[in-house]
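Novice: Here it is, the structure in full.
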Amino acid sequence: MFRNAFALALISTGALAAADSSAVTFNKDVLPILQKNCQTCHRPGQVAPMSFLTYQQARPWAKAMKAAVATGKMPPWFADPKIGHFLNDRSLKQSEIETIAKWADSGAVEGDPKDVPAAVRWPEGWQIQPDIVIQGPTYDVPAHPKNNVIEWVSVTVPTGFQQDTWITSVQIKPEYPAVTHHICLGFNRHDAGVKYFEPVWQDKLRDEEGSAIPGKAPTFGPATPGGRPRSMAEDCYLPGNPVADYRDFQAAKLVPAGSDITLNLHYTPNGTAVTDHVQIGVTVAKEPPQRRYVSLSASAPSDPAHFAIPPNEPNWQSPPAEITFNQDVELVYMMPHMHVRGKDMTYTLIYPDGKRETVLSVPHYDFNWQLGYNTTVKVPKGTKLHVDAHFDNSVNNKWNPNPNKTVYYGEMTWEEMMFPFFGVVVDRSVEPSKILTGRGPVPPGA
Ligand code: HEC
């Protein structure tokens, strides 16, 4: 009797000690991951619907967290980790995914209060010291989305620049980050006839579900009255993404006098109606910089003979977008852009000696997250940038509004685009219009 009890006691102390040293706790193991990779969105006032600052907030989501990180749904980051190198990479390491899984599977324990790391101090307001603040639009975000879609609208505003201006950083600042999913903008030449501060698209987006009108111009954003496409995704506000700062590359971007800004605003209503007011802060170079940052894009051919996605086709391969660099450039930014049927996109450099290097692969594109990938790749003159993409026009694609339609190229969301954006840095003396030849609209500002 005595001996049995003694043996039992020994066994249970041993088991406890072993469990203790291997136990995954919230305070010690999980919270540091949430601070680094999740709280940027999962905190009060930010875009995610729930906060993960404390154990009490995170505990009910343990199983959902495990599922979201295991499937790669969270954090939103869609580059194949085996390919390329990204300065703004926020993906989880395999060991971190396993830590969250273990925690969720072993009772989601809190752990020792002494292990709680210091709270992160999140930046609020301006993160750059803007030299100029441009007033963007105001937008009425309803309490609830109509038809469950992200509110999406584009608006053009004047820069008010009286002279050509070298800008060194851009911060897009919504007043209500809690409802702001993302905002992108582009600088465009002023067109007589443009209506400032007037939202375009929102109602059309909801009313239509498919278009049978083939052969739109390869535009991104509403075409100008003259038919020239407007650039709308040179810089983006994305929750938790760093501000676009060209000083990191000893560079600046030239914005010609009198340019306009076209913004592309995406809101996620959260139950409380608000009127958001967007401001755009820029810093300005005191003297012309060594190097210039140029926002560029390419496109698959957009005519219906080349670009028509058949009904119910689960894996349609688009003809590639391909350009040739006529200058040495440093490739610093890539942003795949497709619409709801977009499935994957791959950026490959083909060097003058024929060597191929894939610099970005997004195997599971998600239209809802217009993510940009910051990198740095030295690209010699004569190199081609070749971009491939596939589209899923089947019922398996949960975003597909109608799998029974042929889908043509166009800027509306029920049409499709195959439109890789990228950013390069070149010597200041290089003319933007001389950087590349090949398929792709003329760079804005050129
Ligand atoms: C860039 C912003 C952002 C980051 C970073 C982020 N989330 Fe989210 N998360 C969201 C938004 C927005 C939603 C709600 C809409 C959705 O599901 O896409 C969400 C939803 C979720 C959900 C609910 C998923 C579901 O299927 O309902 C979980 C769980 C979650 N996030 C966990 C995480 C974890 C864990 C991390 C970090 C490893 C993380 N998120 C990082 C923005 C973010």
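The values are calculated or read from the model by the stated rules, or taken from the named source; none is laboratory data. These numbers were taken from a predicted model, which means no experiment stands behind them. When we count neighbours, we look across all protein chains shown, and the Cβ atoms used for this are built from the backbone with ideal geometry, even at glycine. With ligands, DNA and RNA removed, areas are computed over all heavy atoms of the protein, side chains included. Shrake-Rupley method; radii C 1.70, N 1.55, O 1.52, S 1.80 Å.
Novice: Determine the pairs where a residue that is open to solvent by 80 Å² or more (accessible area, probe 1.4 Å), located within region 107-135, has a partner that is part of a loop (DSSP other than H, G, I, E, B) with Cβ atoms under 6 Å apart, the partner being 6 or more residues away or on another chain.
Specialist: That search, which allows pairs on different chains as well, returns 127/243.
Novice: Testing residue 358 on (1) under 16 Å from residue 424 (Cβ atoms); (2) surrounded by fewer than 18 Cβ atoms within 10 Å (Cβ to Cβ), one condition comes back false. Which one is that?
Specialist: (1) is the only condition that residue 358 fails.
Novice: Please identify the pairs in which a residue from region 314-343 that is more than 15 Å from residue 78 (Cβ to Cβ) has its Cβ atom under 7 Å from the Cβ atom of a residue that is acidic (Asp, Glu) and open to solvent by less than 30 Å² (accessible area, probe 1.4 Å), counting only partners at least 6 apart or on another chain.
Specialist: 314/392; 315/392; 339/415; 339/416; 341/392; 341/416
Novice: Check off (1) at pLDDT 95 or above; (2) part of a loop (DSSP other than H, G, I, E, B); (3) more than 24 Å from residue 240 (Cβ to Cβ) for residue 130 and give me the number that stays unchecked.
Specialist: Tallying (1) at pLDDT 95 or above; (2) part of a loop (DSSP other than H, G, I, E, B); (3) more than 24 Å from residue 240 (Cβ to Cβ), residue 130 fails exactly one: (3).
Novice: Can you find a residue that is in a helix (DSSP H, G or I), open to solvent by less than 10 Å² (accessible area, probe 1.4 Å) and at pLDDT 85 or above anywhere in region 176-198? Write out each step before concluding.
Specialist: From region 176-198, those in a helix (DSSP H, G or I) are 177-179; that's our starting set.
Within this subset, residues satisfying the condition of being open to solvent by less than 10 Å² (accessible area, probe 1.4 Å) are 179.
Adding the requirement that they be at pLDDT 85 or above leaves 179.
Checked against the condition, which is being in a helix (DSSP H, G or I), open to solvent by less than 10 Å² (accessible area, probe 1.4 Å) and at pLDDT 85 or above, region 176-198 yields at least one hit.
Novice: Another question, if that's okay. Taking the condition of being open to solvent by 50 Å² or more (accessible area, probe 1.4 Å), farther than 18 Å from residue 106 by Cβ and within 8 Å of the ligand (Cβ to nearest atom), how many residues in region 50-90 meet it?
Specialist: Selection size over region 50-90: 2.
Novice: For residue 361, indicate whether it is in contact with a strand residue (DSSP E or B) (Cβ under 8 Å, 6 or more places away or on another chain) and touching a residue at least 60 places away in the same chain (Cβ under 8 Å). Reasoning before the result, please.
Specialist: Values: in contact with a strand residue (DSSP E or B) (Cβ under 8 Å, 6 or more places away or on another chain): yes; touching a residue at least 60 places away in the same chain (Cβ under 8 Å): yes.
Against the criterion (in contact with a strand residue (DSSP E or B) (Cβ under 8 Å, 6 or more places away or on another chain) and touching a residue at least 60 places away in the same chain (Cβ under 8 Å)), residue 361 qualifies.
Novice: Determine whether region 102-114 contains at least one residue that is under 21 Å from the mean Cα position of the chain (by Cα) and either over 29 Å from residue 183 (Cα atoms) or within 12 Å of the ligand (Cβ to nearest atom) (or both). Let's see the steps before the verdict.
Specialist: Start the filter on region 102-114 by keeping residues that are under 21 Å from the mean Cα position of the chain (by Cα), which leaves none.
No, region 102-114 contains no residue that is under 21 Å from the mean Cα position of the chain (by Cα) and either over 29 Å from residue 183 (Cα atoms) or within 12 Å of the ligand (Cβ to nearest atom) (or both).
Novice: Does residue 212 satisfy the condition of being of a type in the set (A, V, I, L, M, F, W, C), modelled with pLDDT under 95 and surrounded by fewer than 18 Cβ atoms within 10 Å (Cβ to Cβ)? Don't jump to the end; show me each part of the working.
Specialist: Numbers: of a type in the set (A, V, I, L, M, F, W, C): yes; modelled with pLDDT under 95: yes; surrounded by fewer than 18 Cβ atoms within 10 Å (Cβ to Cβ): yes.
Yes: the conditions hold for residue 212.
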